[in-house]
Amino acid sequence: MAREQLKVLDALDVAKTQWYHFTAIIIAGMGFFTDAYDLFCISVCTKLLGRIYYHHEGAAKPGTLPPNVSAAVNGVALCGTLAGQLFFGWLGDKLGRKKVYGITLLLMIICSIGSGLSIGHDAKAVMATLCFFRFWLGFGIGGDYPLSATIMSEYANKKTRGAFIAAVFAMQGFGILTGGIFAIIISSIFLNKFDAPAYEVDALGSTVSQADYVWRIIVIFGAFPAALTYYWRLKMPETARYTALVAKNAKQAANDMSRVLQVDIESEPQKVEKLAEKPANTFGLFSKEFLRRHGLHLLGTTTTWFLLDIAFYSQNLFQKDIFTAIGWIPPAKTMNAIEEVYRIARAQTLIALCSTVPGYWFTVAFIDRMGRFAIQLMGFFFMTVFMFALAFPYDHWTHKDNRIGFVVLYSLTFFFANFGPNATTFVVPAEIFPARLRSTCHGISAAAGKLGAIVGAFGFLYLAQNKDKAKADAGYPAGIGVKNALIVLGVVNFLGMLFTFLVPESNGRSLEEMSRENEDETVD
(Lines give C-alpha, C1' and ligand atoms only; values in the text may rest on other atoms or scores of the structure.)
Protein backbone atom coordinates (compact mmCIF):
# COMPACT_ATOMS: atom_id res chain seq x y z
CA MET A 1 0.00 0.00 0.00
CA ALA A 2 1.38 3.42 -0.97
CA ARG A 3 2.33 5.79 1.83
CA GLU A 4 2.32 9.57 1.84
CA GLN A 5 5.60 11.02 0.54
CA LEU A 6 7.85 13.15 2.74
CA LYS A 7 7.19 16.83 1.98
CA VAL A 8 10.86 17.55 1.21
CA LEU A 9 10.97 14.73 -1.35
CA ASP A 10 7.60 15.68 -2.80
CA ALA A 11 8.87 19.25 -3.23
CA LEU A 12 11.82 17.93 -5.26
CA ASP A 13 9.56 15.66 -7.36
CA VAL A 14 7.19 18.46 -8.40
CA ALA A 15 9.71 21.32 -8.57
CA LYS A 16 9.76 23.27 -11.81
CA THR A 17 12.98 23.25 -13.77
CA GLN A 18 15.19 25.85 -12.09
CA TRP A 19 18.71 27.20 -12.27
CA TYR A 20 19.95 24.74 -9.64
CA HIS A 21 19.04 21.85 -11.98
CA PHE A 22 21.31 23.25 -14.69
CA THR A 23 24.03 24.01 -12.14
CA ALA A 24 23.93 20.38 -10.98
CA ILE A 25 24.08 19.14 -14.60
CA ILE A 26 27.16 21.28 -15.31
CA ILE A 27 28.96 20.36 -12.06
CA ALA A 28 28.30 16.63 -12.47
CA GLY A 29 28.59 16.76 -16.28
CA MET A 30 32.05 18.32 -16.29
CA GLY A 31 33.25 15.24 -14.43
CA PHE A 32 31.97 13.09 -17.30
CA PHE A 33 33.46 15.52 -19.81
CA THR A 34 36.82 14.82 -18.17
CA ASP A 35 36.11 11.09 -17.89
CA ALA A 36 35.48 10.75 -21.63
CA TYR A 37 38.38 13.02 -22.58
CA ASP A 38 40.83 11.04 -20.44
CA LEU A 39 39.61 7.58 -21.44
CA PHE A 40 39.49 8.27 -25.17
CA CYS A 41 42.40 10.68 -25.74
CA ILE A 42 44.82 7.80 -25.22
CA SER A 43 43.43 6.17 -28.39
CA VAL A 44 44.75 9.19 -30.34
CA CYS A 45 48.20 8.85 -28.77
CA THR A 46 48.91 5.10 -28.92
CA LYS A 47 50.34 5.17 -32.48
CA LEU A 48 52.65 8.04 -31.50
CA LEU A 49 53.82 6.22 -28.37
CA GLY A 50 54.75 3.23 -30.55
CA ARG A 51 56.78 5.39 -32.94
CA ILE A 52 58.64 7.21 -30.14
CA TYR A 53 59.42 4.35 -27.78
CA TYR A 54 59.37 1.21 -29.95
CA HIS A 55 61.23 2.22 -33.11
CA HIS A 56 63.26 -0.61 -34.65
CA GLU A 57 66.12 0.34 -36.93
CA GLY A 58 65.61 -0.92 -40.49
CA ALA A 59 61.94 -1.92 -39.98
CA ALA A 60 59.65 -1.46 -43.00
CA LYS A 61 56.89 0.01 -40.82
CA PRO A 62 56.96 2.51 -37.92
CA GLY A 63 57.24 1.16 -34.40
CA THR A 64 54.06 0.07 -32.64
CA LEU A 65 53.28 -0.77 -29.04
CA PRO A 66 53.81 -4.48 -28.33
CA PRO A 67 50.52 -6.33 -27.71
CA ASN A 68 51.00 -6.55 -23.94
CA VAL A 69 51.95 -2.86 -23.63
CA SER A 70 49.09 -1.74 -25.89
CA ALA A 71 46.63 -3.80 -23.85
CA ALA A 72 48.01 -2.32 -20.63
CA VAL A 73 47.94 1.33 -21.79
CA ASN A 74 44.42 1.00 -23.24
CA GLY A 75 42.98 -1.24 -20.54
CA VAL A 76 44.59 -0.25 -17.23
CA ALA A 77 42.34 2.80 -16.86
CA LEU A 78 39.33 0.55 -17.45
CA CYS A 79 40.49 -1.77 -14.65
CA GLY A 80 40.89 1.23 -12.36
CA THR A 81 37.44 2.48 -13.36
CA LEU A 82 35.86 -0.87 -12.48
CA ALA A 83 37.50 -0.85 -9.04
CA GLY A 84 36.50 2.79 -8.48
CA GLN A 85 32.88 2.16 -9.42
CA LEU A 86 32.55 -0.61 -6.84
CA PHE A 87 34.48 1.20 -4.08
CA PHE A 88 33.02 4.71 -4.43
CA GLY A 89 29.55 3.29 -5.15
CA TRP A 90 29.66 1.54 -1.78
CA LEU A 91 31.27 4.55 -0.06
CA GLY A 92 28.60 6.90 -1.48
CA ASP A 93 25.93 4.96 0.41
CA LYS A 94 27.99 4.62 3.59
CA LEU A 95 29.33 8.18 4.00
CA GLY A 96 27.06 10.20 1.73
CA ARG A 97 27.33 11.36 -1.87
CA LYS A 98 28.81 14.79 -1.11
CA LYS A 99 31.58 13.61 1.23
CA VAL A 100 33.28 11.51 -1.43
CA TYR A 101 32.34 13.56 -4.52
CA GLY A 102 35.35 15.87 -4.29
CA ILE A 103 37.80 12.99 -3.79
CA THR A 104 37.01 11.46 -7.20
CA LEU A 105 37.62 14.77 -8.97
CA LEU A 106 40.87 15.40 -7.09
CA LEU A 107 42.12 11.98 -8.18
CA MET A 108 41.31 12.82 -11.80
CA ILE A 109 43.17 16.12 -11.68
CA ILE A 110 46.33 14.71 -10.03
CA CYS A 111 46.49 11.61 -12.22
CA SER A 112 45.82 13.43 -15.50
CA ILE A 113 48.83 15.62 -14.78
CA GLY A 114 50.85 12.61 -13.56
CA SER A 115 50.06 10.66 -16.77
CA GLY A 116 51.40 13.47 -18.93
CA LEU A 117 54.52 13.85 -16.80
CA SER A 118 55.38 10.12 -16.95
CA ILE A 119 59.05 9.95 -16.02
CA GLY A 120 61.98 8.32 -17.80
CA HIS A 121 63.48 8.33 -21.29
CA ASP A 122 63.34 4.60 -21.93
CA ALA A 123 60.15 2.83 -22.96
CA LYS A 124 59.83 0.62 -19.87
CA ALA A 125 59.98 3.49 -17.37
CA VAL A 126 57.59 5.74 -19.28
CA MET A 127 55.01 3.00 -19.89
CA ALA A 128 55.16 1.77 -16.28
CA THR A 129 54.62 5.32 -14.93
CA LEU A 130 51.88 6.03 -17.47
CA CYS A 131 50.04 2.83 -16.56
CA PHE A 132 50.36 3.57 -12.82
CA PHE A 133 48.77 7.01 -13.14
CA ARG A 134 46.14 5.80 -15.63
CA PHE A 135 44.99 3.12 -13.19
CA TRP A 136 44.40 5.69 -10.44
CA LEU A 137 42.92 8.11 -12.96
CA GLY A 138 40.44 5.35 -13.83
CA PHE A 139 39.81 4.78 -10.12
CA GLY A 140 38.68 8.41 -9.77
CA ILE A 141 36.68 8.23 -13.00
CA GLY A 142 34.95 5.10 -11.72
CA GLY A 143 33.74 6.90 -8.63
CA ASP A 144 32.13 9.59 -10.75
CA TYR A 145 29.71 7.11 -12.37
CA PRO A 146 27.58 6.11 -9.35
CA LEU A 147 28.00 9.43 -7.53
CA SER A 148 27.07 11.75 -10.43
CA ALA A 149 24.14 9.58 -11.52
CA THR A 150 22.79 9.23 -7.96
CA ILE A 151 23.22 12.92 -7.13
CA MET A 152 21.45 14.01 -10.31
CA SER A 153 18.60 11.51 -9.88
CA GLU A 154 18.07 12.61 -6.27
CA TYR A 155 18.09 16.32 -7.16
CA ALA A 156 15.81 16.06 -10.21
CA ASN A 157 12.03 16.28 -10.51
CA LYS A 158 9.86 13.38 -11.74
CA LYS A 159 8.94 15.00 -15.04
CA THR A 160 12.41 15.64 -16.44
CA ARG A 161 14.63 13.38 -14.31
CA GLY A 162 15.62 11.17 -17.26
CA ALA A 163 16.71 14.16 -19.35
CA PHE A 164 18.76 15.61 -16.48
CA ILE A 165 20.62 12.35 -15.75
CA ALA A 166 21.13 11.75 -19.50
CA ALA A 167 22.45 15.33 -19.89
CA VAL A 168 25.14 14.60 -17.28
CA PHE A 169 26.17 11.51 -19.23
CA ALA A 170 25.91 13.36 -22.57
CA MET A 171 28.81 15.56 -21.55
CA GLN A 172 30.93 12.53 -22.49
CA GLY A 173 30.19 13.37 -26.12
CA PHE A 174 31.72 16.81 -25.69
CA GLY A 175 34.68 15.23 -23.88
CA ILE A 176 35.36 12.95 -26.85
CA LEU A 177 34.86 15.84 -29.26
CA THR A 178 37.17 18.14 -27.30
CA GLY A 179 39.83 15.41 -27.15
CA GLY A 180 39.79 15.17 -30.93
CA ILE A 181 39.75 18.94 -31.54
CA PHE A 182 42.53 19.60 -29.01
CA ALA A 183 44.66 16.85 -30.57
CA ILE A 184 44.10 18.42 -34.02
CA ILE A 185 45.16 21.86 -32.73
CA ILE A 186 48.28 20.60 -30.92
CA SER A 187 49.39 18.34 -33.79
CA SER A 188 48.81 21.16 -36.33
CA ILE A 189 50.98 23.55 -34.30
CA PHE A 190 53.79 20.99 -34.02
CA LEU A 191 53.48 20.02 -37.73
CA ASN A 192 53.94 23.64 -38.78
CA LYS A 193 56.79 24.23 -36.36
CA PHE A 194 58.71 20.96 -36.81
CA ASP A 195 58.58 19.70 -40.38
CA ALA A 196 59.57 16.06 -40.84
CA PRO A 197 59.72 13.60 -43.76
CA ALA A 198 57.50 10.51 -44.07
CA TYR A 199 58.71 7.28 -42.45
CA GLU A 200 59.47 5.65 -45.82
CA VAL A 201 61.74 8.59 -46.73
CA ASP A 202 63.61 8.87 -43.42
CA ALA A 203 62.59 6.37 -40.75
CA LEU A 204 64.43 8.01 -37.85
CA GLY A 205 63.82 11.60 -38.97
CA SER A 206 60.04 11.06 -39.33
CA THR A 207 59.67 11.22 -35.54
CA VAL A 208 61.09 14.53 -34.31
CA SER A 209 62.19 14.67 -30.66
CA GLN A 210 59.50 17.28 -29.95
CA ALA A 211 56.80 14.68 -30.75
CA ASP A 212 57.21 13.45 -27.17
CA TYR A 213 55.59 16.70 -26.01
CA VAL A 214 52.52 16.18 -28.21
CA TRP A 215 51.01 13.21 -26.37
CA ARG A 216 51.97 14.64 -22.98
CA ILE A 217 50.19 17.96 -23.65
CA ILE A 218 47.09 16.17 -24.94
CA VAL A 219 46.92 13.93 -21.85
CA ILE A 220 47.57 16.71 -19.29
CA PHE A 221 44.84 18.95 -20.73
CA GLY A 222 42.25 16.54 -19.26
CA ALA A 223 42.98 17.98 -15.80
CA PHE A 224 41.68 21.47 -16.59
CA PRO A 225 37.92 20.84 -16.96
CA ALA A 226 37.99 18.87 -13.69
CA ALA A 227 39.84 21.64 -11.89
CA LEU A 228 37.25 24.21 -13.01
CA THR A 229 34.41 22.41 -11.18
CA TYR A 230 36.23 21.24 -8.03
CA TYR A 231 35.21 24.22 -5.89
CA TRP A 232 31.55 23.96 -6.90
CA ARG A 233 31.42 20.27 -6.07
CA LEU A 234 32.54 21.03 -2.54
CA LYS A 235 29.81 23.68 -2.22
CA MET A 236 26.93 21.37 -3.26
CA PRO A 237 24.68 20.34 -0.35
CA GLU A 238 24.07 16.64 0.34
CA THR A 239 21.02 15.28 -1.49
CA ALA A 240 17.78 15.41 0.54
CA ARG A 241 17.08 11.74 -0.15
CA TYR A 242 20.36 10.65 1.42
CA THR A 243 20.02 13.06 4.35
CA ALA A 244 16.39 12.13 5.09
CA LEU A 245 16.16 8.45 4.14
CA VAL A 246 19.69 7.19 4.93
CA ALA A 247 21.21 9.63 7.45
CA LYS A 248 17.68 10.17 8.90
CA ASN A 249 18.28 13.88 9.53
CA ALA A 250 14.93 15.39 8.55
CA LYS A 251 15.77 18.92 9.71
CA GLN A 252 19.00 19.11 7.68
CA ALA A 253 17.27 17.75 4.57
CA ALA A 254 14.50 20.35 4.84
CA ASN A 255 16.97 23.20 5.48
CA ASP A 256 19.21 22.24 2.54
CA MET A 257 16.36 21.93 0.06
CA SER A 258 14.64 25.10 1.36
CA ARG A 259 17.77 27.01 0.35
CA VAL A 260 18.06 25.21 -3.00
CA LEU A 261 14.37 25.48 -3.98
CA GLN A 262 13.87 28.84 -2.21
CA VAL A 263 10.66 27.68 -0.51
CA ASP A 264 9.75 26.80 3.09
CA ILE A 265 9.66 23.02 3.66
CA GLU A 266 8.44 21.27 6.81
CA SER A 267 11.07 18.90 8.25
CA GLU A 268 8.72 16.11 9.55
CA PRO A 269 11.22 14.34 11.89
CA GLN A 270 8.56 11.98 13.29
CA LYS A 271 7.65 10.76 9.81
CA VAL A 272 11.32 10.13 8.99
CA GLU A 273 11.77 8.12 12.21
CA LYS A 274 8.63 6.10 11.50
CA LEU A 275 9.81 5.49 7.95
CA ALA A 276 13.19 4.22 9.16
CA GLU A 277 11.54 1.64 11.43
CA LYS A 278 9.58 -0.03 8.62
CA PRO A 279 10.96 -3.54 7.88
CA ALA A 280 10.76 -2.86 4.13
CA ASN A 281 13.40 -0.12 4.56
CA THR A 282 15.92 -2.16 6.52
CA PHE A 283 16.91 -5.09 4.27
CA GLY A 284 20.46 -5.20 2.92
CA LEU A 285 22.01 -5.86 -0.46
CA PHE A 286 22.68 -9.55 0.24
CA SER A 287 19.26 -10.33 1.73
CA LYS A 288 16.49 -12.53 0.35
CA GLU A 289 14.18 -9.50 0.37
CA PHE A 290 16.51 -7.55 -1.93
CA LEU A 291 16.72 -10.57 -4.21
CA ARG A 292 12.91 -10.83 -4.29
CA ARG A 293 12.31 -7.14 -4.93
CA HIS A 294 15.29 -6.10 -7.03
CA GLY A 295 17.24 -9.22 -8.02
CA LEU A 296 15.97 -9.34 -11.62
CA HIS A 297 16.34 -5.57 -11.91
CA LEU A 298 20.03 -5.75 -10.91
CA LEU A 299 20.53 -8.68 -13.31
CA GLY A 300 18.96 -6.57 -16.07
CA THR A 301 21.05 -3.44 -15.42
CA THR A 302 24.33 -5.38 -15.12
CA THR A 303 23.87 -7.64 -18.18
CA THR A 304 22.68 -4.88 -20.53
CA TRP A 305 25.55 -2.56 -19.51
CA PHE A 306 28.04 -5.45 -19.81
CA LEU A 307 26.89 -6.37 -23.33
CA LEU A 308 26.64 -2.74 -24.48
CA ASP A 309 30.20 -1.94 -23.41
CA ILE A 310 31.67 -4.99 -25.15
CA ALA A 311 30.44 -3.51 -28.43
CA PHE A 312 30.95 0.15 -27.57
CA TYR A 313 34.55 -0.02 -26.33
CA SER A 314 35.77 -2.46 -28.96
CA GLN A 315 34.75 0.14 -31.56
CA ASN A 316 35.84 3.29 -29.73
CA LEU A 317 39.31 2.20 -28.72
CA PHE A 318 40.19 0.73 -32.11
CA GLN A 319 38.23 2.82 -34.58
CA LYS A 320 41.54 4.24 -35.86
CA ASP A 321 42.36 0.77 -37.19
CA ILE A 322 39.02 0.61 -39.03
CA PHE A 323 39.73 4.05 -40.53
CA THR A 324 43.03 2.69 -41.82
CA ALA A 325 41.35 -0.39 -43.28
CA ILE A 326 38.88 1.69 -45.30
CA GLY A 327 41.44 4.27 -46.41
CA TRP A 328 40.61 7.29 -44.22
CA ILE A 329 44.10 7.15 -42.75
CA PRO A 330 46.94 6.37 -45.20
CA PRO A 331 49.51 3.65 -44.47
CA ALA A 332 51.67 4.65 -41.50
CA LYS A 333 54.90 4.58 -43.50
CA THR A 334 53.62 7.38 -45.81
CA MET A 335 53.31 9.82 -42.87
CA ASN A 336 55.52 11.29 -40.19
CA ALA A 337 54.65 10.73 -36.51
CA ILE A 338 52.80 13.99 -35.82
CA GLU A 339 50.86 13.84 -39.11
CA GLU A 340 49.51 10.44 -38.05
CA VAL A 341 48.23 11.94 -34.78
CA TYR A 342 46.56 14.72 -36.78
CA ARG A 343 44.82 12.32 -39.17
CA ILE A 344 43.61 9.94 -36.42
CA ALA A 345 42.29 12.90 -34.40
CA ARG A 346 40.53 14.35 -37.45
CA ALA A 347 38.76 11.04 -38.20
CA GLN A 348 37.76 10.58 -34.56
CA THR A 349 36.41 14.14 -34.36
CA LEU A 350 34.36 13.68 -37.52
CA ILE A 351 32.69 10.56 -36.09
CA ALA A 352 31.98 12.43 -32.84
CA LEU A 353 30.45 15.37 -34.71
CA CYS A 354 28.31 13.23 -37.01
CA SER A 355 27.05 10.56 -34.63
CA THR A 356 28.37 10.49 -31.05
CA VAL A 357 27.33 13.96 -29.85
CA PRO A 358 23.93 14.05 -31.67
CA GLY A 359 23.08 10.58 -30.34
CA TYR A 360 23.60 11.63 -26.71
CA TRP A 361 21.42 14.73 -27.05
CA PHE A 362 18.65 12.87 -28.91
CA THR A 363 18.39 10.75 -25.75
CA VAL A 364 18.20 13.90 -23.61
CA ALA A 365 15.40 15.24 -25.84
CA PHE A 366 13.29 12.06 -26.01
CA ILE A 367 13.95 9.99 -22.87
CA ASP A 368 11.07 11.48 -20.87
CA ARG A 369 8.71 11.19 -23.84
CA MET A 370 9.56 7.74 -25.19
CA GLY A 371 10.71 6.20 -21.90
CA ARG A 372 13.94 4.38 -21.01
CA PHE A 373 12.79 0.92 -22.10
CA ALA A 374 11.76 1.94 -25.63
CA ILE A 375 14.97 3.89 -26.28
CA GLN A 376 17.19 1.07 -25.00
CA LEU A 377 15.35 -1.61 -27.00
CA MET A 378 15.43 0.54 -30.15
CA GLY A 379 19.13 1.29 -29.70
CA PHE A 380 20.16 -2.35 -29.32
CA PHE A 381 17.93 -3.33 -32.27
CA PHE A 382 19.48 -0.83 -34.69
CA MET A 383 23.01 -1.52 -33.43
CA THR A 384 22.40 -5.19 -34.26
CA VAL A 385 21.02 -4.37 -37.71
CA PHE A 386 23.84 -1.97 -38.66
CA MET A 387 26.56 -4.22 -37.26
CA PHE A 388 25.35 -7.11 -39.42
CA ALA A 389 24.99 -4.72 -42.37
CA LEU A 390 28.68 -3.87 -41.94
CA ALA A 391 29.80 -7.45 -41.31
CA PHE A 392 28.22 -9.69 -43.94
CA PRO A 393 29.16 -7.61 -47.02
CA TYR A 394 32.43 -6.44 -45.41
CA ASP A 395 34.51 -7.08 -48.54
CA HIS A 396 32.12 -4.81 -50.45
CA TRP A 397 32.72 -1.94 -48.01
CA THR A 398 36.53 -2.14 -48.34
CA HIS A 399 36.42 -1.14 -52.02
CA LYS A 400 37.31 2.51 -52.55
CA ASP A 401 33.98 3.47 -54.15
CA ASN A 402 31.98 2.10 -51.20
CA ARG A 403 33.87 3.70 -48.30
CA ILE A 404 31.32 6.47 -47.73
CA GLY A 405 28.58 3.84 -47.25
CA PHE A 406 30.75 2.07 -44.67
CA VAL A 407 31.30 5.32 -42.76
CA VAL A 408 27.56 6.12 -42.81
CA LEU A 409 26.63 2.71 -41.35
CA TYR A 410 29.51 2.88 -38.86
CA SER A 411 28.30 6.33 -37.74
CA LEU A 412 24.73 5.06 -37.39
CA THR A 413 25.83 2.28 -35.02
CA PHE A 414 27.41 4.97 -32.82
CA PHE A 415 24.35 7.20 -33.11
CA PHE A 416 22.02 4.43 -31.91
CA ALA A 417 24.46 3.37 -29.19
CA ASN A 418 24.20 6.88 -27.75
CA PHE A 419 20.53 7.41 -28.65
CA GLY A 420 20.02 4.08 -26.95
CA PRO A 421 21.67 1.82 -24.37
CA ASN A 422 24.87 3.80 -23.79
CA ALA A 423 22.76 6.52 -22.13
CA THR A 424 19.89 4.46 -20.69
CA THR A 425 22.15 1.90 -18.96
CA PHE A 426 23.59 4.86 -17.04
CA VAL A 427 20.21 6.44 -16.22
CA VAL A 428 18.09 3.48 -15.05
CA PRO A 429 20.27 2.09 -12.18
CA ALA A 430 20.11 5.54 -10.55
CA GLU A 431 16.29 5.39 -10.44
CA ILE A 432 15.10 1.91 -9.47
CA PHE A 433 16.95 0.95 -6.26
CA PRO A 434 16.40 2.12 -2.61
CA ALA A 435 18.25 5.27 -1.50
CA ARG A 436 20.44 3.38 0.99
CA LEU A 437 21.64 1.01 -1.80
CA ARG A 438 21.28 3.28 -4.85
CA SER A 439 24.91 4.31 -5.26
CA THR A 440 26.14 0.76 -4.55
CA CYS A 441 23.79 -0.83 -7.12
CA HIS A 442 24.68 1.79 -9.71
CA GLY A 443 28.36 1.08 -9.04
CA ILE A 444 27.80 -2.67 -9.48
CA SER A 445 25.92 -2.09 -12.76
CA ALA A 446 28.61 0.28 -14.02
CA ALA A 447 31.37 -2.15 -12.99
CA ALA A 448 29.67 -4.88 -15.02
CA GLY A 449 29.78 -2.45 -17.93
CA LYS A 450 33.48 -1.84 -17.45
CA LEU A 451 34.05 -5.59 -17.33
CA GLY A 452 32.42 -5.65 -20.76
CA ALA A 453 34.66 -2.77 -21.82
CA ILE A 454 37.72 -4.77 -20.74
CA VAL A 455 36.49 -7.76 -22.76
CA GLY A 456 35.91 -5.47 -25.75
CA ALA A 457 39.17 -3.56 -25.44
CA PHE A 458 41.48 -6.48 -24.62
CA GLY A 459 39.67 -9.23 -26.53
CA PHE A 460 39.23 -7.35 -29.78
CA LEU A 461 42.91 -6.39 -29.90
CA TYR A 462 43.45 -10.04 -30.72
CA LEU A 463 40.09 -11.12 -32.15
CA ALA A 464 40.01 -8.63 -35.05
CA GLN A 465 43.51 -9.51 -36.30
CA ASN A 466 43.84 -10.91 -39.82
CA LYS A 467 43.33 -14.69 -40.18
CA ASP A 468 46.74 -14.84 -41.88
CA LYS A 469 49.39 -14.40 -39.18
CA ALA A 470 51.73 -12.82 -41.72
CA LYS A 471 49.22 -10.00 -42.24
CA ALA A 472 48.43 -9.53 -38.54
CA ASP A 473 49.96 -6.61 -36.60
CA ALA A 474 53.46 -7.15 -35.25
CA GLY A 475 53.47 -9.37 -32.17
CA TYR A 476 49.85 -10.49 -32.48
CA PRO A 477 48.65 -14.01 -33.28
CA ALA A 478 46.20 -14.61 -36.13
CA GLY A 479 42.61 -13.63 -35.28
CA ILE A 480 39.22 -14.13 -36.87
CA GLY A 481 39.38 -10.96 -39.00
CA VAL A 482 37.38 -7.73 -38.86
CA LYS A 483 34.37 -9.25 -40.66
CA ASN A 484 33.89 -12.07 -38.16
CA ALA A 485 34.60 -9.73 -35.23
CA LEU A 486 31.75 -7.48 -36.43
CA ILE A 487 29.42 -10.52 -36.61
CA VAL A 488 30.31 -11.36 -32.98
CA LEU A 489 29.48 -7.77 -31.99
CA GLY A 490 26.14 -8.04 -33.79
CA VAL A 491 25.27 -11.12 -31.72
CA VAL A 492 26.32 -9.31 -28.53
CA ASN A 493 23.96 -6.42 -29.37
CA PHE A 494 21.10 -8.85 -30.01
CA LEU A 495 21.62 -10.41 -26.56
CA GLY A 496 21.51 -6.89 -25.09
CA MET A 497 18.10 -6.42 -26.69
CA LEU A 498 16.81 -9.60 -25.01
CA PHE A 499 18.13 -8.70 -21.53
CA THR A 500 16.50 -5.25 -21.78
CA PHE A 501 13.19 -6.97 -20.96
CA LEU A 502 14.44 -7.44 -17.37
CA VAL A 503 14.72 -3.67 -16.83
CA PRO A 504 11.61 -1.85 -15.49
CA GLU A 505 10.30 1.44 -16.92
CA SER A 506 10.86 4.34 -14.50
CA ASN A 507 9.53 7.19 -16.65
CA GLY A 508 7.32 9.66 -14.77
CA ARG A 509 7.51 7.80 -11.44
CA SER A 510 9.18 9.00 -8.24
CA LEU A 511 12.33 7.27 -6.99
CA GLU A 512 10.41 6.04 -3.94
CA GLU A 513 7.70 4.50 -6.13
CA MET A 514 10.34 2.63 -8.16
CA SER A 515 12.24 1.39 -5.08
CA ARG A 516 8.95 0.80 -3.17
CA GLU A 517 10.29 2.76 -0.19
CA ASN A 518 6.89 4.47 0.20
CA GLU A 519 4.94 1.22 0.71
CA ASP A 520 3.63 -0.26 3.93
CA GLU A 521 4.30 -3.81 2.74
CA THR A 522 5.95 -5.97 5.41
CA VAL A 523 9.00 -8.07 4.75
CA ASP A 524 8.41 -11.83 4.71
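The values are calculated or read from the model by the stated rules, or taken from the named source; none is laboratory data. All of these numbers come straight from a predicted model, not from anything done at the bench. Virtual Cβ from ideal backbone geometry, glycine too; neighbours counted across all protein chains shown. Ligands, DNA and RNA are stripped out before the accessible areas are found, and what is left, the full protein with its side chains, is counted by its heavy atoms. Shrake-Rupley method; radii C 1.70, N 1.55, O 1.52, S 1.80 Å.
Listed values, structure above:
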quantity	calculated
Equivalent ellipsoid dimensions for the stretch 84-204 as semi-axes, Å, which come from the Cα gyration tensor, largest first	38, 21, 10
Rh (Kirkwood; distinct C-alpha pairs) - the stretch 32-146, Å	14.8 Å
Packing-based order for 117-125, 223-231, 197-205, using average beta carbon neighbours within 10 Å, highest first	223-231, 197-205, 117-125
Lys288-Leu409 pseudo-label distance in nm [points 7 Å out on the Cα-to-Cβ vector]	5.2 nm
Å² of accessible area per residue within the stretch 50-139, as computed with a 1.4 Å probe and no ligands counted	41 Å²
Orientation-averaged projected area, Cα convex hull of the stretch 1-55 (nm²)	7.4 nm²
Average accessible area per residue (Å²) across the stretch 162-213 - probe 1.4 Å, nucleic acids and ligands excluded	41 Å²
Rounded tilt (10° steps) of 481-499 against the dominant C-alpha axis of the chain	10 degrees
Space enclosed by the convex hull of the alpha-carbon atoms of the chain, per residue, Å³	131 Å³
Shape category assigned to the stretch 194-313 from the gyration tensor of Cα positions, a/c cut at 1.5	oblate
Additional length obtainable on full extension of the chain from Trp19 to Arg369, 0.36 nm per residue less Cα span	123.8 nm
Cross-link table Lys61/Lys483; Lys124/Lys483; Lys98/Lys450; Lys61/Lys450, entries beyond 29 Å C-alpha to C-alpha	Lys124/Lys483; Lys61/Lys450
DSSP-loop trypsin sites (Lys or Arg not before Pro) across the stretch 13-72, with at most 15 other Cβ within 10 angstrom	Lys16
Phi to ³J(HN,Hα) by Karplus 6.51 cos²θ - 1.76 cosθ + 1.60 over the stretch 507-514, Hz, x for Gly, Pro	4, x, 10, 6, 4, 6, 5, 5
24 Å Cα-Cα reach of Lys99 towards lysines, excluding residues that sit fewer than 8 places from it in its own chain	Lys235, Lys248, Lys251
Equivalent ellipsoid semi-axes, the stretch 132-278, via Cα gyration tensor eigenvalues times 5, rooted, Å	50, 15, 13
Whole-Å semi-axes of the stretch 12-88's equivalent ellipsoid (Cα gyration tensor)	42, 15, 6
CD proxy at 222 nm, helix term only [per DSSP H run n ≥ 4: -39500 (n - 2.57); per residue of the chain; nearest 500]	-23500 deg cm²/dmol
Normalised convex hull volume, the stretch 146-211, alpha-carbon set, Å³ per residue	128 Å³
Of all accessible heavy-atom area on the chain, the percent that carbon and sulfur account for (1.4 Å)	66 percent
Surface accessible to a 1.4 Å probe, Leu296 within the full protein complex, Å²	110 Å²
Met370 - accessible surface, heavy atoms, 1.4 Å probe, Å² rounded to 10	80 Å²
Cα extents of the stretch 376-492 along the three principal axes, largest first (Å)	55, 32, 18
Listed residues Asp401, Asp468, Asp395, Asp212 arranged by accessible area, highest first, probe 1.4 Å	Asp401, Asp395, Asp468, Asp212
Cα gyration tensor, the stretch 55-104 - rounded (a/c under 1.5), prolate or oblate	prolate
Reachable lysines, given that their alpha-carbon falls under 19 Å from the alpha-carbon of Lys158 and they are not under 8 places away in the same chain	Lys7, Lys16
Cβ crowding within 10 Å averaged over residues, with 55-65, 383-393 ranked highest first	383-393, 55-65
Heavy-atom SASA rank of Ile141, Ile184 (probe 1.4 Å, accessible area, largest first)	Ile184, Ile141
Highest to lowest packing among 416-422, 5-11, 81-87, scored as the average C-beta count within 10 Å	416-422, 81-87, 5-11
Cα shape, the stretch 309-430, gyration tensor, a/c 1.5 rule	prolate
